[in-house]
Each structure stands twice: as C-alpha cells, then as structure tokens.
C-alpha cells in the first residue's frame, strides 16, 4: 500500500540553527499539506500546495518558515532560525486534490526538539 | 471560522465496554466530517468519514453519524479492545476557497484495560 514518506523521523537542534524536513507524497497526489502538531493538541495547517503552487500559507510564520514543492512532487519545509516554541511534530499529508474533498493520507511525522 | 470541540480525555474503559467520544463542530459551509486515529509515535490514520447530513461513517466496528441539526459527529463502538487504545481526533473539511484543509479538535486519548 502506498504511503507518505517523511524524513528524518526525529530531529534535535539547537535554538537559532536551521532545520529542514522532507516529504514524499503518495504517487499521483496533487495536493500536499504540512501540519504542525504541538503535544496534546490537534494538528494545525501550516501550508497547502496544489501541484507546485501554494494554495494556503496563512498560518505559516513566514519570517522563519519556508516551504517549497518545486516539481510538484516532493516537498521541503525549512525553519531558520529555530526557536524553542517550534518543538512539535511536523506532519505531511497528501490527497488527490481537485474540487472535491478527498481523504488526506498522513506520513509518520518528524518530531522536532529545539534545545 | 471553523472549529471542532471534543470531549476531554483520557477516557479509560474496560475491554468490551461501550465507547462514545463526543464531537461538535462549527462551520460556515457544509463540511465533510472525519475521525482520525493516532497510535503512539505514529502519524494519523483515517478511521471513518461522512460527507453530508445523516450519513453514517463506519470502519472496524466504529461508527459516527453526521447530525446537522445538533452539529455533532460522535464516535461510538459497541465493544472496545485493548488494541483500540490511541488518540482519536475529530476533524472537518470544507470546500470554501477550494482549500480543503482539515480543522482538528484537540484529540481524546482512549485507554482500554483488561
């Protein structure tokens, strides 16, 4: 069964350092999402791509976060510089996209700890 | 804006007990509703969904009915197992603006004991 791949699974970094996460969606899925899940809370959307275009990045802290999906396939989420409050699980999800509401399939996540 | 409210956990049950996890929502459009499950250290898995009023989603013995009049989507299971121990998230998605983003509740932890 096809799955969303994410790496690394765990990342520990010091405050003010740069960190990057990678996501490879299910083949053929046009829509890709990055969510942040703080411990004890539900995930919140950071950015959504339709193919290579950003559809929604209203909750992305653009002064330190950036995301790209250059060829409309895999995606990278970057934080520079990292802050203590960025410690969380970063989840990538993908769906078929288009005008209908399709199920989103989630990857295993990257757990970030900022020290 | 959209929001989802879930009952707080943890919910602790004995094996074979009946489960209900309450979920209510606020949405400006006509959302689709979902239940996701998250096992320790893993990502979220879709458990069931309903896309319009009065639809019933079901999977693995879990059920939830989309109640527009009470804006609710409560999760139920007749007989829980230890393997059902996980965190359960209620979520909604609407098509306003074409975004289809999911809005999640805070999650309800379920612990099932022998």
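Couple of notes before you dig in:
- When its C-alpha radius of gyration is set against 2.2 N^0.38 Å (N residues), the protein assembly as shown gives a value of 1.01.
- The value of relative contact order for the range B:28-114, using C-alpha pairs under 8 Å at least six residues apart, is 28 percent.
- Convex hull of Cα atoms in the range A:1-104, direction-averaged projection (nm²): 6.9 nm²
- Taken over the range B:42-103, the ratio of Cα radius of gyration to 2.2 N^0.38 Å equals 1.23.
- In the protein assembly as shown, the DSSP beta bridges split such that about 90 percent are antiparallel, to the nearest 5.
- A simple spin-label model places pseudo-atoms 7 Å from Cα toward Cβ; at residue B:56 and residue A:3 they are separated by 3.3 nm.
- Each of residue B:106 and residue A:41 was given a label point 7 Å from its Cα along the Cα-to-Cβ line. The distance between the two points is 1.1 nm.
- All Cα-Cα distances of chain B, cut into 5 Å bins from zero to the largest, leave 2, 13, 24, 25, 18, 10, 5, 2, 0, 0 percent in each bin in turn.
No lab work stands behind these numbers, since they all come straight from the coordinates. On a predicted model such as this, the values are computed, not experimentally measured, just so you know. Note that each Cβ is placed from the backbone with ideal geometry, even for glycine, and that neighbours are counted across all protein chains shown.
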